[in-house]
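Structure first, then comments.
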């Protein structure tokens, strides 16, 4: 695809973003563009490993919790405590 200056452009769809977010969430492999950040409350949780596991296997995306279809936000409940997570890709 070319832009108005006849330069090649890349088209990234929300499906591409969802796939990239799923891959990072499931593997949690850090790269220069993928960093894992957590609040002190999450890091200090005695259930940290279970929280991470639940985020990695999360698949309950719906129109209500994923209105843009990018798989970039969710929540999990571990030991009756709700943990929210958010993914942001830098390109």
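Some values worked out for this structure:
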| item | result |
| --- | --- |
| Linear extension gain, residue 80 paired with residue 47, 0.36 nm per residue minus alpha-carbon span | 10.8 nm |
| Largest-first ellipsoid semi-axes for segment 1-49, taking √(5λ) over the Cα gyration tensor eigenvalues, angstrom | 36, 12, 9 |
| Cα-based Kirkwood hydrodynamic radius, segment 14-86, one decimal, Å | 12.9 |
| Estimated inter-spin distance, residue 89 and residue 19, nm [label 7 Å along Cα→Cβ] | 0.9 |
| Residue 56-residue 11 FRET efficiency (beta carbon distance; Förster radius 30 Å; 0.05 resolution) | 0.55 |
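A short reminder: the numbers here are calculations on the coordinates, not readings from a lab. Given the structure is predicted, the values throughout are model-derived calculations rather than measurements. Please note: Cβ atoms are built from the backbone with ideal geometry, for glycine as well, and neighbour counts cover all protein chains shown.
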